[in-house]
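The values are calculated or read from the model by the stated rules, or taken from the named source; none is laboratory data. Not measured: the values here are computed from a predicted model. Counting neighbours? That spans all protein chains shown, and the Cβs are built from the backbone with ideal geometry, glycine included.
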Amino acid sequence: MPITLLSSPLQGFTDFRFRNAFNHYFGGIDTFYAPYIRLNGKMVIKNSYQRDLLPENNTELEVIPQIMTNDADEFLFVVDYIQQLGYKELNWNLGCPYPMVTKRGMGSGLICDPEKINHILDRVHTETDIIVSMKMRMGYEHPEEILDTFPILDNYPLKNIAIHARIGKQLYKGGVNLEAFQRCIENTKHKLYYNGDITSVAKFKEMQARFPNIDHFMMGRGLIADPFLPSMIKNDTTEYPKNRWKIFSEFHDTIYQQYDAALSGPTPIKMKMQGFWEYFSQSFSNPQKTFKKIKKANNPRTYQQAVAEILKNE
Ligand SMILES: Cc1cc2nc3c(=O)[nH]c(=O)nc-3n(C[C@H](O)[C@H](O)[C@H](O)COP(=O)(O)O)c2cc1C
């Protein structure tokens, strides 16, 4: 069965700069989900969201925008905005686990409210022709919460439901709950995508063997930690290209230059790249030492030296 690989959105990481560079140097991803748009009560699309979705910033990529809201008017406003840009689909985030979000009944804090979900989906499907897809956890408190939303979701022509097989309360701790994901498969008519902890070719194969009817897999942190992973999965190999570190180095320099040009001052670029290296370092021979070196680099010159040294040692 041919498989489709999707890049899961990571706010602060997978913006258009990362997506374009990733696609150019590594490939293997069929569709990229953009990190969520959140309006915070004002009907205004922030400049950073606008830049991220502009078609001219995403010419080589297939991108699906995402919204995080519990308000039908906000949803409709964002539908209108993305349709003007030419997008046909909007993904709805019911997965975010952070208390600041979930306490306000958004992200995974909305899964336990099928009535509100129904109201929003009803208005969106009555008042627009947007294609809606969902990205969910299985609940906030319990992995059964999603089972109570499925009868509602089954009433709408959703394109798919991507499920991160955790509950909100876990944040990113503990393991994925594969039994609960299996129950999801058995309790909805919708097409499900699997998401969660695909960090190696072996892990991917394990999930594929466990869920033989799933043919769409979404990858988030694993793809940043090892950007070669999607193409290796697609090519069914565990071999890296011979010039692995040269490719990585060029990718790194590309995103570094772009973030350096976009962010002002030495601290934001340092924090940005440090964020990436928290993941990148995981695929280096000595992750802790690698990340420590990056953290110690306090200015652009020492940062470049640290990167050169790290790459020389591989
Ligand atoms: C820093 C960070 C930012 C994230 N931002 C988003 C987001 O904007 N939208 C979303 O649906 N999920 C977001 N997620 C969740 C991931 O897309 C993904 O569902 C989760 O990390 C599990 O998949 P993984 O194990 O492959 O990373 C974020 C996760 C992290 C760690």
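Could you figure out which of (1) of a type outside the set (A, V, I, L, M); (2) farther than 21 Å from Asn23 by Cβ; (3) surrounded by 12 or more Cβ atoms within 10 Å (Cβ to Cβ); (4) in contact (Cβ under 8 Å) with a residue 12 or more places away in the chain isn't true of Phe280?
In the conditions (1) of a type outside the set (A, V, I, L, M); (2) farther than 21 Å from Asn23 by Cβ; (3) surrounded by 12 or more Cβ atoms within 10 Å (Cβ to Cβ); (4) in contact (Cβ under 8 Å) with a residue 12 or more places away in the chain, Phe280 misses (2) alone.
Mind counting the residues in segment 28-60 that are in contact (Cβ under 8 Å) with a residue 40 or more places away in the chain and away from the ligand (no atom under 13 Å from the Cβ)?
4
From the set of residues in segment 84-142 that are closer than 15 Å to Tyr33 by Cα and of a type in the set (Lys, Arg), which is farthest from the ligand (Cβ to nearest atom)?
Per the criteria, the residue is Lys88.
Which numbered condition trips up Gly12, out of (1) surrounded by fewer than 20 Cβ atoms within 10 Å (Cβ to Cβ); (2) assigned to a helix (DSSP H, G or I); (3) touching a Lys or Arg at 6+ places or on another chain (Cβ under 9 Å)?
So Gly12 meets the others, but not (2).
If you take the residues in segment 61-84 that are in a loop (DSSP other than H, G, I, E, B) and more than 18 Å from the chain's Cα centre (by Cα), which one is surrounded by the fewest Cβ atoms within 10 Å (Cβ to Cβ)?
Only one residue tops the list, namely Asp71.
Within segment 17-52, count every residue that is over 22 Å from Thr69 (Cα atoms) and not in a loop (DSSP other than H, G, I, E, B).
Matching residues across segment 17-52 total 10.
Among the residues of segment 4-27, are any away from the ligand (no atom under 16 Å from the Cβ) and within 15 Å of the chain's Cα centre (by Cα)? Outline the logic, then answer.
Our first condition is that a residue be away from the ligand (no atom under 16 Å from the Cβ); within segment 4-27, this holds for 20-21, 23-25, 27.
Filter once more, keeping what is within 15 Å of the chain's Cα centre (by Cα): 20, 23.
Yes: one or more hits.
Within the set of pairs 6 or more residues apart or between chains, which connect a residue that is within 16 Å of the ligand (Cβ to nearest atom) inside segment 147-164 to a residue that is of a type in the set (A, V, I, L, M, F, W, C) and assigned to a helix (DSSP H, G or I) with Cβ atoms less than 9 Å apart?
Pairs found: Leu158/Leu121; Ile161/Ile146; Ile161/Phe150; Ile161/Leu153; Ile161/Cys184; Ile163/Ile146; Ile163/Phe181; Ile163/Cys184.
A quick yes/no check of all residues on (1) touching a Cys at 6+ places or on another chain (Cβ under 8 Å); (2) assigned by TED's automatic domain parsing to the domain that holds Tyr172; (3) among the hydroxyl-bearing types (Ser, Thr, Tyr):
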| position | (1), (2), (3) |
| --- | --- |
| Thr14 | no, yes, yes |
| His24 | no, yes, no |
| Tyr36 | yes, yes, yes |
| Leu53 | no, yes, no |
| Gln66 | no, yes, no |
| Asn70 | no, yes, no |
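Of the conditions (1) away from the ligand (no atom under 14 Å from the Cβ); (2) out of contact with any strand residue (DSSP E or B) (no Cβ under 7 Å at 6 or more places or on another chain), Phe75 clears all except one; give me its number.
Evaluating Phe75 over (1) away from the ligand (no atom under 14 Å from the Cβ); (2) out of contact with any strand residue (DSSP E or B) (no Cβ under 7 Å at 6 or more places or on another chain) leaves (2) as the failure.
Scan Ala34, Ala21 and give me the residue that is of a type in the set (Gly, Ala, Ser), within 30 Å of Arg104 (Cα to Cα) and surrounded by 14 or more Cβ atoms within 10 Å (Cβ to Cβ). If you could, list the steps in order and put the result at the bottom.
On the way: Ala21 fails: within 30 Å of Arg104 (Cα to Cα).
After ruling out the rest, the residue left standing is Ala34.
Residues are listed down the side, and each one gets a yes or a no for (1) assigned by TED's automatic domain parsing to the domain that holds Ala306; (2) assigned to a helix (DSSP H, G or I); (3) within 15 Å of Leu311 (Cβ to Cβ):
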residue	(1), (2), (3)
Met207	no, yes, no
Phe217	no, no, no
Gly222	no, yes, no
Glu239	no, no, no
Ser249	yes, yes, yes
Thr254	yes, yes, yes
Gln258	yes, yes, no
Pro268	yes, yes, no
